[in-house]
Each structure stands twice: as C-alpha cells, then as structure tokens.
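The values are calculated or read from the model by the stated rules, or taken from the named source; none is laboratory data. None of these values were measured; they are calculated from a predicted model. Here the Cβ positions follow ideal geometry from the backbone for every residue, glycine too, while neighbour counts run over all protein chains shown. Each accessible area value is taken on the protein alone, full model and side chains, heavy atoms only, with ligands, DNA and RNA left out. Shrake-Rupley method; radii C 1.70, N 1.55, O 1.52, S 1.80 Å.
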Amino acid sequence: MDEKRILESLKKEDRSAFRELFDAYYDALILFANHLLNNAEAAEDVVQDCFVDFWISRRFEHLDGGIGKYLFQSVKHAALNDLRGCRRREKRHASLQQEISEEEEATETYNEELEVLYAAIRQLPEERRKIFTLICLEGKKYQEVADMLQISINTVKTQMGRSFQFLRKILGNHRFLILLFWRFKY
C-alpha cells in the first residue's frame, strides 16, 4: 500500500482510497485496540469511531505521510479514553450501589426501631395508649385530648407522664429519646 498515493486520493475526496485505507488497517487496529481494552466489541467501536472521525473531520488534509502511525495513535487515545470512561462509570456504579445499600440498611434499622416502639406502645393500658397516640402520633394538644375524651387536662398530663415513664423503662433512656425525636411530632 502506498500511503502517499492514498493520502493524495483522500485529499481529492476519493472514497475508494478511504476504502483501501480501511481494508489495509482495520484488522490490525482492531487487534491493537482489543489488546488495550480486552473487549472485542469495544475495540470495534473505537476503531470504527476513529475511522469515521478521520473521514468526517478530514484529518488527512493535515497529514504529509504516516497515515498508519496517525491511525494507531488515534485508536490508542480513543481506547484509553474509553477505559477512563469505563472506570468512571464503574466508580459511579459502585458509589450508587453503596448509597443504595446504606439507604436500605437505614430503612431496615428505622423499621426495626419503629416495631420496637410500637410494640412498647401496645403494652400501654388502653386509655393511656389512646391518650399517648392522640398526642404523639396525631399531634393533638393536651386540651384537645381532654375535651375529646371528656377528662381533665391534669389527667391527660398524668397519663402522658406515666406513658413516658413506662416507655423509657421498656426502651431504655437512649433509645427512647432517639425514637421520640425521630418519629413523633409535638
């Protein structure tokens, strides 16, 4: 293959010269790219992209010779860029997997903690549980609950105090406070 003749023909937009160039270098460039990427499909994509870029951007117009050297350099750079892109995608994927895993773990822990809390609340006597639920879970005021249940506000306060004592005893101080601030609205 005469590179100078092909180069002159390419500059005259001779498509048969491009075909000749493609046939002469394609297989060798695929092997080279596959050696760098260790992936036959990616190697084919890289080589084809390099040929397309070579033709469309008319890179041959600025060459005086060494088309083969230029093509091998182009494939090398494109393959290395592809590898960098793969590594970045793999890092992002691993990071997302880690975030999802941590989120699932946190959700699982949250659900377990809620189960412990609700199990403790279910152990409260019925009237005390009703008062506690209205205030803590539904966000009602002490006076509203007193009016709703037709009891004094002091009874509501007393029952809430006893509920808190009981839950603190069952759950332990630290867990009780965490769950209280984590879940309930005042």
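Summary table below
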quantity	calculated
Value at 222 nm in deg cm²/dmol, rounded to 500, when DSSP H runs of n ≥ 4 in the chain each add -39,500 (n - 2.57)	-27500 deg cm²/dmol
Long-range lysine pairs (8 or more apart or interchain), the chain, Cα under 14 Å	9
Between helix 15-37 and the chain: long-axis angle, C-alpha atoms, 0 to 90°, nearest 10	50 degrees
The chain, accessible surface, carbon-and-sulfur percent (1.4 angstrom probe)	49 percent
Peptide ranges 43-50, 28-35, 108-115, 13-20 listed from the most packed, as the mean C-beta count within 10 angstrom indicates	43-50, 28-35, 13-20, 108-115
Percentage relative contact order, the chain, counting C-alpha pairs under 8 Å, at least six apart	16 percent
Accessible area per residue, Å², the chain with all protein chains present, probe 1.4 Å	67 Å²
Euclidean distance of C-alpha centroids, segment 1-40 and segment 72-88, integer Å	18 Å
